[in-house]
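Okay, so here's the structure we're looking at.
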Amino acid sequence: MKHLAIVAVLATLFFGCKDASKNQRLVPASSGNLNHLTVVVDNLLWEDKVGEAMRDVLAAPVPGLAIDEPLFTINQLPTQVFSGFTTKSRIIVKVEKGKEAGIKVGHDVFAKPQTVVYVTGTTNDEIIEQLQSHSEEIVKALKDEEIKEKQRRINLSLFDDTRLKEELGVSLKLPSVYRMAKDEDGFFWIRKDITTGTMDLMVYAVPLSILRPGDSLAMDVVRMRDSVGKTHIEGRLEGSYMSTENKYAPFVFESQIDKKPTIETKGIWEVKNDFMAGPFINYAIEDRAKNRYVIIEGYAFAPSVDKRDYMFELEAIIRSAKIQ
């Protein structure tokens, strides 16, 4: 009887697992370079106004760069060849004409991880209207997927952020290839050497009163970072220091990090009395419990090369921040 009971249990487990496996859909791993987007749309639409509207949304210039670079590098495919390995891209926008107007965001449809944005409409004008009216939603869905993938790769080998936790109560996930350049009076300067220059992070805190909501907010951010740059980020030449390039008005957005209201500022930095400049992205994370903003800024110095992907890495790092 005991043996029969064991056999019955094993049989139940075997057939139960077999039935469960029938209900599970196995999908292959996604692939592709970061910020490379597959656009599935018929050639006639791509070459007409629909394609123009798609490029306006998906290849719009990245805010805060001195030279225009597109949000995504686009690979267009006609619908009839979208099969097999071409469906494994991590981010996809698929246009389907002849269906009710709308957009839909799908996850892990053909591969995993993956985000697929479907844009539908019965006419070209309806498709264009959907692209234009939902442009922010579409870009956010695609970018969120790429941020997650970049953070996954970063997590494979992490920098020791113990000092940030001890001094500022801030946890930050960044690659171990970064090094601590300065740890001084609650100010941290973290650097990564690249072929053409450096990628840098600054982490510090300021009182809430430093940044005032309203029309003067952008000026407050500039004033704050110029003061910090003059004190902590010296240039190559004597008397040179980091400041904000005043020929380019910074972009200021409302954002959120660690579920906290955050001021996001993108602009161009320069070194006073020297010939150095590049893009920066500054996040002021509101920490009401300690009456402060935690400031985490990333910037790149990489003359004569594209900087979109450098700034994307810095953004992915900053968005991993947790405030204790």
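Computed values, structure above
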quantity	calculated
Set E47, E69: member being of a type outside the set (S, T, N, Q), at pLDDT 95 or above, more than 18 Å from I138 (Cα to Cα) and open to solvent by less than 60 Å² (accessible area, probe 1.4 Å)	E69
So G106, is it in contact with a Gly (Cβ under 6 Å, 6 or more places away or on another chain) and either under 24 Å from K148 (Cα atoms) or in a helix (DSSP H, G or I) (or both)	no
Tally, over segment 76-87, of residues that are in a helix (DSSP H, G or I), open to solvent by less than 50 Å² (accessible area, probe 1.4 Å) and not β-branched (V, I, T)	1
Selection within segment 287-298 - in contact with a helix residue (DSSP H, G or I) (Cβ under 7 Å, 6 or more places away or on another chain) and either open to solvent by 10 Å² or more (accessible area, probe 1.4 Å) or of a type in the set (K, R) (or both)	N291, R292, Y293
Identity of the residue in segment 227-260, assigned to a strand (DSSP E or B) and open to solvent by less than 70 Å² (accessible area, probe 1.4 Å), that ends up farthest from A321 (Cα to Cα)	Y241
Within segment 9-44, tally of residues that are open to solvent by less than 50 Å² (accessible area, probe 1.4 Å) and either over 16 Å from V117 (Cβ atoms) or modelled with pLDDT of 95 or more (or both)	12
Subset of segment 131-153 [open to solvent by 90 Å² or more (accessible area, probe 1.4 Å) and more than 16 Å from Q256 (Cα to Cα)]	Q132, R152, R153
Extreme residue, nearest to Q114 (Cα to Cα), among residues of segment 131-186 that are of a type in the set (V, I, T) and touching a residue at least 24 places away in the same chain (Cβ under 8 Å)	I147
Residues that are exposed (fewer than 14 other Cβ atoms within 10 Å of the Cβ) and hydroxyl-bearing (S, T, Y), drawn from segment 118-130	T122, T123
Subset of segment 304-324 [more than 17 Å from K173 (Cα to Cα) and either buried (at least 21 other Cβ atoms within 10 Å of the Cβ) or not acidic (D, E) (or both)]	S304, V305, K307, R308
Members of segment 68-88 found to be farther than 27 Å from P28 by Cα and either without any contact (Cβ under 8 Å) to a residue 24 or more places away in the chain or among the hydroxyl-bearing types (S, T, Y) (or both), listed by number	D68
Candidate set from segment 89-112 (those that are open to solvent by 50 Å² or more (accessible area, probe 1.4 Å) and touching a residue at least 24 places away in the same chain (Cβ under 8 Å)); member that is nearest to V41 (Cα to Cα)	K97
Identity of the residue in segment 175-211, part of a loop (DSSP other than H, G, I, E, B) and within 18 Å of F301 (Cα to Cα), that ends up most open to solvent (accessible area, probe 1.4 Å)	T195
Criterion: modelled with pLDDT of 95 or more, among the hydrophobic types (A, V, I, L, M, F, W, C) and not in a helix (DSSP H, G or I) - qualifying residue of L142, L156, L164, L131	L156
Matching option when the condition is under 20 Å from the mean Cα position of the chain (by Cα), over 23 Å from P213 (Cα atoms) and open to solvent by 10 Å² or more (accessible area, probe 1.4 Å), among F301, F275	F301
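Yes/no per residue for (1) modelled with pLDDT of 95 or more; (2) assigned to a strand (DSSP E or B):
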| site | (1), (2) |
| --- | --- |
| T262 | yes, yes |
| K266 | yes, yes |
| V271 | no, yes |
| D274 | no, no |
| N282 | yes, yes |
| E297 | yes, yes |
| A300 | yes, yes |
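The values are calculated or read from the model by the stated rules, or taken from the named source; none is laboratory data. Just so we're clear, the structure is a prediction, and the values are computed from it rather than from any experiment. Every residue, glycine among them, receives a Cβ derived from its backbone with ideal geometry; neighbour counts consider all protein chains shown. Keep in mind that these areas ignore ligands, DNA and RNA; they rest on the heavy atoms of the full protein, side chains included. Shrake-Rupley method; radii C 1.70, N 1.55, O 1.52, S 1.80 Å.
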